[in-house]
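Asks: Before I ask anything, here is the structure I am working with.
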Amino acid sequence: MQLLGNRKILLGITGGIAAYKAAELVRLLTRAGAEVRVVMTPAAQEFVQPLTYQALSGHRVYTDLFDAEAESAMDHIELARWCDLLVVAPASADFLGKMSAGYADNLLLTLCLASKQPVAVAPAMNQQMFANPATRDNLRQLIGRGVLVWGPDEGEQACGDVGPGRMLEPAQLLNNILSQFGPGKLDGVRLLLTAGPTREPIDPVRYISNRSSGKMGYAIAEAAMKQGARVTLVSGPVFLAPPFGVELVAVESAQQMYEAVMGEVADCEIFIACAAVSDYRVAETAQHKIKKTGEVLTLQLVPNPDILAEVSALQARPFCVGFAAETENLEQYARGKLQQKNLDMIAANRVGSAGSGFEADFNQLEVYWIDGGQSIEHAGKSEVAKQLIDLIAERYTRARS
Ligand code: C5P
């Protein structure tokens, strides 16, 4: 079977001794049925001749941003659009630094900027260079932007050092590439998701809200879509573009979110409540802007419907996944909610610690279900979302069978 039949892989090679291993990767990819085009940076050509990859891929190798002949055959923007996946292997420390800064002074960097397709990098460098905070910061930035970072491996290095920095073996890279295109774990499953904050109006210009950025929910929507789900995203006001292919229902208040969810839930199979819904709304929204008087002002708040609890109480209920944000006793409180709201799963994050949770690009989760649980380690929100969707797909498939 051609595991990668018709898949188009753009392989970027940067300057490092591991460039010779990229030749093996080209061979594995073409054997798996992929169409491979190779792009080399100037530094890469110091290690291996382009002819090697040309012979293995069966196509000319792209090396120069200003190569008129190559540009007339397929210009660099076309090349960026052509591929299903862009993999940079090996990715040197220098290349990662430039990529994280948004440089475009060689063809491969330009392609990384111009590509809308997923980009993966396989770092390869001396262990001390890998350990350097500058490299770490660059990788964190890239992960935060959704770049897939594969590796590095630990072990003996070409320079004689031992430690993390070796490029992953070509067979491992092939596996990672295959998993990008594997059959979807949620093929055809209708998935409804809430995300972002809600706004509870006080008067025509003021509202009560919270710090939710919607990043986690939007990342989950995208991860679910990549696994083949048909996703409807009911979102409070956020500054994010909805992932391509997701159906967006934009709402403001908790009441609107409740109504939108109830309107969509009938034919959905999985419901994920990721929104930070205001527990209360103002009892009576003022018709006109409330004037300053110097007196104490009291707002009367009444409870909002608990959307998740209402969905899980439906007779024909979907598989329900909730979120819990806690500052203490994480497991105890999260498991309490799992039971009270009659959920299938709950994903708990510790809020109040720097670098994860609300507004951050990173997160870490403790996921619980009635007779088990699993941690999702600190990572970029898109990676956390991917792992969470894998877990949900596994539990959902088990619950259905
Ligand atoms: O009870 P608590 O607000 O901590 O529960 C959080 C979970 O419940 C989240 O999944 C959140 O999206 C959901 N929720 C909801 N409607 C509310 C309050 C919370 O769907 N009114």
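The values are calculated or read from the model by the stated rules, or taken from the named source; none is laboratory data. In this text, all values refer to a predicted model and were calculated from it rather than measured experimentally. Counting neighbours? That spans all protein chains shown, and the Cβs are built from the backbone with ideal geometry, glycine included. Quick note on the areas: whole protein, heavy atoms, side chains included, nothing else; ligands and nucleic acids left out. Shrake-Rupley method; radii C 1.70, N 1.55, O 1.52, S 1.80 Å.
Conditions (1) over 19 Å from the mean Cα position of the chain (by Cα); (2) under 21 Å from Ala23 (Cα atoms), marked per residue:
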| site | (1), (2) |
| --- | --- |
| His59 | yes, yes |
| Leu65 | yes, no |
| Leu79 | yes, yes |
| Val88 | no, yes |
| Ala104 | yes, no |
| Gln117 | no, no |
| Ala120 | no, yes |
| Gln128 | yes, no |
| Asn138 | no, no |
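Asks: Under 9 Å by Cβ, and 6 or more places apart or on different chains, what pairs join a residue from the stretch 386-401 that is over 24 Å from Pro243 (Cα atoms) with one that is acidic (Asp, Glu)?
Replies: Pairs that qualify, where the first residue is over 24 Å from Pro243 (Cα atoms) and the partner is acidic (Asp, Glu), are Arg395/Asp344; Ala399/Asp344; Arg400/Glu269.
Asks: Residues Val231, Val249: which one is modelled with pLDDT of 90 or more and either assigned to a loop (DSSP other than H, G, I, E, B) or touching a Ser or Thr at 6+ places or on another chain (Cβ under 8 Å) (or both)?
Replies: Val249
Asks: Let me ask you something else. Scan Gln255, Gln227 and give me the residue that is in contact (Cβ under 8 Å) with a residue 24 or more places away in the chain and away from the ligand (no atom under 15 Å from the Cβ).
Replies: Within the list Gln255, Gln227, the selection yields Gln227.
Asks: With the structure loaded, tell me whether Asp267 is among the acidic types (Asp, Glu) and within 12 Å of the ligand (Cβ to nearest atom) or whether it fails that test.
Replies: Answer is no for this residue.
Asks: Then there's this: Which of (1) more than 13 Å from the ligand (Cβ to nearest atom); (2) farther than 27 Å from Gln374 by Cβ; (3) touching a helix residue (DSSP H, G or I) at 6+ places or on another chain (Cβ under 6 Å) is the odd one out, the single condition Ser278 does not satisfy?
Replies: Just one mismatch for Ser278, condition (1).
Asks: If you take the residues of the stretch 357-375 that are modelled with pLDDT under 90 and among the aromatic types (Phe, Trp, Tyr), which of them is nearest to Tyr333 (Cα to Cα)?
Replies: Phe358
Asks: Please determine, by comparing only the residues of the stretch 1-31 that are among the charged types (D, E, K, R) and more than 14 Å from Val48 (Cα to Cα), which one is surrounded by the most Cβ atoms within 10 Å (Cβ to Cβ).
Replies: It comes out as Arg7.
Asks: Right, something else. Count, please, the residues in the stretch 165-206 that happen to be open to solvent by 10 Å² or more (accessible area, probe 1.4 Å), of a type in the set (A, V, I, L, M, F, W, C) and out of contact with any Asp or Glu (no Cβ under 8 Å at 6 or more places or on another chain).
Replies: 5
Asks: Have a look at Ala334, Ala347, Ala286, Ala309 and point out the one that is of a type in the set (A, V, I, L, M), open to solvent by 20 Å² or more (accessible area, probe 1.4 Å) and within 11 Å of the ligand (Cβ to nearest atom).
Replies: Going through Ala334, Ala347, Ala286, Ala309 in turn, the sole match is Ala309.
Asks: Can you tell which of Gly160, Gly155, Gly146, Gly151 is touching a strand residue (DSSP E or B) at 6+ places or on another chain (Cβ under 6 Å), in a loop (DSSP other than H, G, I, E, B) and outside the structural domain of Pro243 (by TED's automatic domain parsing)?
Replies: Going through Gly160, Gly155, Gly146, Gly151 in turn, the sole match is Gly151.
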